[in-house]
Amino acid sequence: MARNIDRLIDVMARLRNPNGGCPWDLEQTYATIAPHTIEEAYEVADAIEKGDMPALREELGDLLFQVVYYSQMAREENLFDFDEVAGVITDKMIRRHPHVFGAEEVKGADMQTSRWEDHKAAERAAKAAEEGRAPSALEGVIAGLPALTRALKLQNRAARVGFDWTDARDILDKIEEEVRELRHEMDSGSAPDRVADELGDLLFALVNLARRLKVEPESALRGTNAKFERRFHRIEALLSEQGRTPKEATLEEMEAFWQQAKREERGES
């Protein structure tokens, strides 16, 4: 009996076969599939956040299908195939875990994280040397990442070479400075791009504070998004009991229901 991964690879080849394949799948390119890959990765994260293991199993399958899809298109162009993709990542994991597959010793997860980053930095430096250019501490932080995640990665890279705050309270001072600068631009009636620039600086400083406090900013914001959604649904439910919708309520009424939702969540009367 064929392994499921082999069956999946065969299914993908059939879908892309010009003779009897799927017209939609045949029209796709790396660029058109990329947004679907990003969406599938977020659906994996959503299933994990909800603790829904059956959904996680399904979403991981969807994400794996994306890898098989790219690999099939590359095979058609005689570039590489799925087996080579699996081989590259296997070799990389062995290379980056010499404490498991070699003689190096690592004590604890923190040391492993540091060694991992050292190995990645060495690989980036080797690649830069091969290409005849100077390496950068920020190299490889791709532009396509979500902005909060990219800000965190940029700050982590800069911190590894000593460009970092020493105390979280200093970052709070920086945040207050950025708030003042944003307020100045708003009060001055500045152009939208100036306001956006100062707002970006404030967001960047907030990410820096999250990093220093060891809080993952994307996760923190997802949690707040979920909290807002939950409480707003409660506002809608309370208004519905009165036969009304949010459009028919005043801001003051909705704020009162918001505070009620907060008290209910805390178990307060």
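The values are calculated or read from the model by the stated rules, or taken from the named source; none is laboratory data. Just so it is clear, the structure is predicted and the values come from calculations on it, not from any experiment. Positions of Cβ are generated from backbone atoms using ideal geometry, with glycine treated the same way; all protein chains shown enter the neighbour counts. With ligands, DNA and RNA removed, areas are computed over all heavy atoms of the protein, side chains included. Shrake-Rupley method; radii C 1.70, N 1.55, O 1.52, S 1.80 Å.
Tally up the residues in segment 185-208 that are without any contact (Cβ under 8 Å) to a residue 24 or more places away in the chain, surrounded by 13 or more Cβ atoms within 10 Å (Cβ to Cβ) and not hydrophobic (A, V, I, L, M, F, W, C), please. So the answer is 7.
Selection of first residues in segment 227-246 that are under 15 Å from Q259 (Cβ atoms) and of second residues that are in a loop (DSSP other than H, G, I, E, B) and hydrophobic (A, V, I, L, M, F, W, C), restricted to Cβ pairs under 9 Å at least 6 apart or on distinct chains, gives the following pairs, ordered by first then second residue: I235/A249; L239/A249. Taking the criterion of being open to solvent by less than 90 Å² (accessible area, probe 1.4 Å), farther than 19 Å from V179 by Cβ and of a type in the set (A, V, I, L, M), the residues of segment 221-254 that qualify are A226, I235, A237, L238, L239, A249, M254.
When the test is whether a residue is under 30 Å from P35 (Cα atoms), modelled with pLDDT under 95 and of a type in the set (G, A, S), G108 does not pass it. Consider R211 carefully, then state whether it is within 27 Å of D170 (Cα to Cα), touching a helix residue (DSSP H, G or I) at 6+ places or on another chain (Cβ under 6 Å) and open to solvent by less than 70 Å² (accessible area, probe 1.4 Å). Yes; evaluated as a whole, the condition is true for this residue. Residues of segment 142-159 that are modelled with pLDDT under 90 and surrounded by 14 or more Cβ atoms within 10 Å (Cβ to Cβ): L145 alone.
Residue count for segment 59-81, restricted to those that are outside any loop (DSSP other than H, G, I, E, B) and either more than 26 Å from A47 (Cα to Cα) or outside the structural domain of T37 (by the TED database) (or both): 5. When every residue of segment 200-213 is checked against the conditions, at least one turns out to be charged (D, E, K, R), in a helix (DSSP H, G or I) and either more than 29 Å from R266 (Cα to Cα) or in contact with a Cys (Cβ under 8 Å, 6 or more places away or on another chain) (or both).
Among the listed residues A147, A137, which satisfies the condition of being out of contact with any Phe, Trp or Tyr (no Cβ under 6 Å at 6 or more places or on another chain), touching a residue at least 24 places away in the same chain (Cβ under 8 Å) and under 17 Å from V215 (Cα atoms)? Outline the logic, then answer.
Values: A137 fails: under 17 Å from V215 (Cα atoms).
Of A147, A137, the one residue that is out of contact with any Phe, Trp or Tyr (no Cβ under 6 Å at 6 or more places or on another chain), touching a residue at least 24 places away in the same chain (Cβ under 8 Å) and under 17 Å from V215 (Cα atoms) is A147.
Where the second residue is of a type in the set (S, T, Y) and surrounded by 14 or more Cβ atoms within 10 Å (Cβ to Cβ) and the first is modelled with pLDDT of 95 or more and lies in segment 3-28, which pairs have Cβ atoms under 7 Å and are six or more apart or on separate chains? Pairs that qualify, where the first residue is modelled with pLDDT of 95 or more and the partner is of a type in the set (S, T, Y) and surrounded by 14 or more Cβ atoms within 10 Å (Cβ to Cβ), are M12/Y69.
Of all residues in segment 224-265, those satisfying the criterion of being basic (K, R) and within 30 Å of the chain's Cα centre (by Cα) are K227, R230, R231, R234, K262.
Looking across segment 86-109, the residues that are open to solvent by 50 Å² or more (accessible area, probe 1.4 Å) and either touching a strand residue (DSSP E or B) at 6+ places or on another chain (Cβ under 7 Å) or closer than 28 Å to G21 by Cβ (or both) come down to V88, I89. If you scan segment 160-176, which residues turn out to be touching a residue at least 12 places away in the same chain (Cβ under 8 Å) and either in a helix (DSSP H, G or I) or buried (at least 17 other Cβ atoms within 10 Å of the Cβ) (or both)? Across segment 160-176, the qualifying residues are R160, W165, A168, I171, L172, K174, I175. Considering each residue of segment 181-196 in turn, none proves to be in contact with a helix residue (DSSP H, G or I) (Cβ under 6 Å, 6 or more places away or on another chain), under 30 Å from A45 (Cα atoms) and either modelled with pLDDT of 95 or more or not in a helix (DSSP H, G or I) (or both).
Of everything in segment 114-132 that is at pLDDT below 85 and open to solvent by 80 Å² or more (accessible area, probe 1.4 Å), the residue that is farthest from S219 (Cα to Cα) is E130.
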